[in-house]
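Student: Would you mind keeping the following structure in view while I ask a few things?
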Amino acid sequence: ILQCDSINALGNNDTYMDAVTADVISSLPSLMAPVPFVGEINLTPYLAAVGIFISLSILFKLVLVVLLARLRHLSLKTQTDVDDVIIAALSGIRAWVYTLVSLFVALQFFTLPEMVDTVFSAVVLAAVAWQTIEIVLCFVEYGTARFLEKDEDGDGVVDPNAQTASHLVTLIARIVLWAFGIIFVLSNLGVDVTSLIAGLGIGGIAIAFALQGVLSDLFASFSIYADKPFRIGDYIVLGADSGTVEKIGVKTTRIRTLQGEELVVSNAELTAARVQNFKKMEERRTAVQFGITYETPHDKVKEVNGIVERIFEHIDGARLDRVHFTTFADSALLFDVVFYVDSPDYAAFLDRQQQFNFELMDKFAEVGIDFAYPTQTIYHKAM
């Protein structure tokens, strides 16, 4: 009977696995058979390995099929979508992964060359680590989609900024999980990971110092998502620049200006600057000033307020706040008019203001009031 050794990935369980396989083989009858150039060998370990490989492969498949069928049946009776995530995670288990595991168990009946043993152990552990990471990521994506990807406006469309944050969290989770997965595989292969972890820590600090600008923009993107000063599609003013936000990335935000070019601004700069968001505006307020000549009769000057009030009674989507005769200027009697337009749209605001200007000119022409312009009158007296 051939003796068997367990592979290095089992670590402290080597002796235990040797004892188990030895007990299994000793309990089976010996099947001796002649082999050319080798002589007579016992076929029992080979048959046992093949039987275990086939049995485990079928068992894994049956368990998955039965478990998935049961979960799908239960999911029809529940309102939560957590069971759907579990079904998706289990459905993602690849057949080649549990086939490798079955082969790994079957080969415990034999002593493999050290190099082959190490390589095969690394392959099996990497496959198991990859499959585990994929299952965990299913739940991570579900969590980020549930708690981050929200419809803030209630229009049935997920905020693109929330999608960006969700994808960023998923990416970070994937990187962290793979880091732990690699450490797990190396540790089970007998590699001393203590010095590796220490080196990664020191290297991480050095990289953080070297990439502090990038990391600053990265955390700024999280700040933009959490605070929501603006979102994709908002029209913002940033200093001397303005435009519509097209994309909020990990490092930069892209803004399409009115001239058509794309303005790229770092996220750190956006969080530190004063930003005007016109998309948040529910209505527009404006102040208009106009002047009439000093030659205007006193009674007509008093009629100006009423003329302006009657004009706004006929302008849809606009309401007058106040109108006052405010200033005796050098060459005009100045009036201040403040009104609101019930729309954040700039074009709609200009339409109302234009309508007011046209009607004011028509009314003044009807009653004989002249607009003032800079003039200078010189009085001279004969001596």
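The values are calculated or read from the model by the stated rules, or taken from the named source; none is laboratory data. From a predicted model like this one, the values you see are computed outputs, not experimental measurements. Virtual Cβ from ideal backbone geometry, glycine too; neighbours counted across all protein chains shown. Ligands, DNA and RNA are excluded from the accessible area calculation, which covers all protein heavy atoms including side chains. Shrake-Rupley method; radii C 1.70, N 1.55, O 1.52, S 1.80 Å.
Student: What does the charge count around residue 93 come to, taking other residues whose C-beta lies under 14 Å from its C-beta (Lys +1, Arg +1, Asp -1, Glu -1)? It would help to have the intermediate numbers written out before the result.
Tutor: Details: positive: 61, 94; negative: 134.
In short, +1.
Student: Something else about it: Ranked highest first by the average count of other Cβ atoms within 10 Å around their residues, in what order do 77-84, 227-234 fall?
Tutor: On the way: 77-84: 10.6, 227-234: 16.0.
So the peptides 77-84, 227-234, ranked by packing, come out 227-234, 77-84.
Student: What length, rounded to one decimal in nm, is gained on full extension from residue 172 through to residue 361, with 0.36 nm per residue of separation minus their alpha-carbon distance?
Tutor: Here the segment from residue 172 to residue 361 would lengthen by 61.7 nm.
Student: First compute the accessible area of region 166-301 with a 1.4 Å probe, then give the percent of it belonging to carbon and sulfur atoms. Please report the intermediate quantities before stating the final value.
Tutor: Details: 5100 of 8160 Å².
Carbon with sulfur: 62 percent of the solvent-accessible area.
Student: Relative contact order of region 241-332, please, whole-number percent, based on alpha carbon pairs below 8 angstrom and at least 6 residues apart. Before the final figure, lay out each step's value.
Tutor: Values: 61 pairs, mean separation 13.9, N = 92.
Relative contact order here is 15 percent.
Student: With a sphere of radius 12 Å drawn around the Cβ of residue 68, what net charge do the other residues whose Cβ falls strictly inside it have (Lys, Arg +1; Asp, Glu -1)?
Tutor: On the way: positive: 61, 70, 72; negative: 83, 84.
Counting the neighbours of residue 68, the net charge comes to +1.
Student: I need the peptides 283-289, 183-189 ranked by packing, meaning the mean over residues of other C-beta atoms within 10 angstrom, with the highest value on top. List each step's numbers first, then the result.
Tutor: On the way: 283-289: 14.0, 183-189: 17.7.
Per-residue mean Cβ counts within 10 Å order the peptides as 183-189, 283-289.
Student: With unit charges on the beta carbon (Lys/Arg positive, Asp/Glu negative), name the residue among 324, 341, 357 whose Cα is farthest towards the positive pole of the charge dipole of region 288-373.
Tutor: The one lying farthest along the dipole's positive direction is 324.
Student: So, in nm, how far is label residue 116 from label residue 295 when the simple model puts each one 7 Å beyond its Cα toward the Cβ?
Tutor: 11.4
Student: Placing unit charges on C-beta atoms (Lys and Arg positive, Asp and Glu negative, everything else neutral), compute the dipole magnitude of region 299-338 about its Cα centre in debye, rounded to 20.
Tutor: Taking the Cα centre of region 299-338 as origin, the dipole is about 60 debye.
Student: Tell me, what is the per residue accessible area of region 209-316 in Å², probe radius 1.4 Å?
Tutor: Values: 6380 Å² over 108 residues.
Per residue, region 209-316 has an accessible area of 59 Å².
Student: Whole number please: convex hull volume per residue, Cα atoms of region 65-119, in Å³.
Tutor: Values: hull volume 4.7 nm³, N = 55.
Residue-normalised Cα hull volume stands at 86 Å³.
Student: Between residue 46 and residue 272, what length comes free when the chain is fully extended (0.36 nm per residue of separation minus the Cα-Cα distance, one decimal in nm)?
Tutor: Details: separation 226, 0.36 × 226 = 81.36 nm, distance 7.00 nm.
Stretched out fully, the residue 46 to residue 272 stretch lengthens by 74.4 nm.
Student: Count the net charge of all other residues whose Cβ sits under 13 Å from the Cβ of residue 255, scoring Lys and Arg as +1 and Asp and Glu as -1.
Tutor: Working: positive: 231, 247, 254, 256, 279; negative: 234, 241, 246, 261, 262, 269.
Net charge in that neighbourhood comes out at -1.
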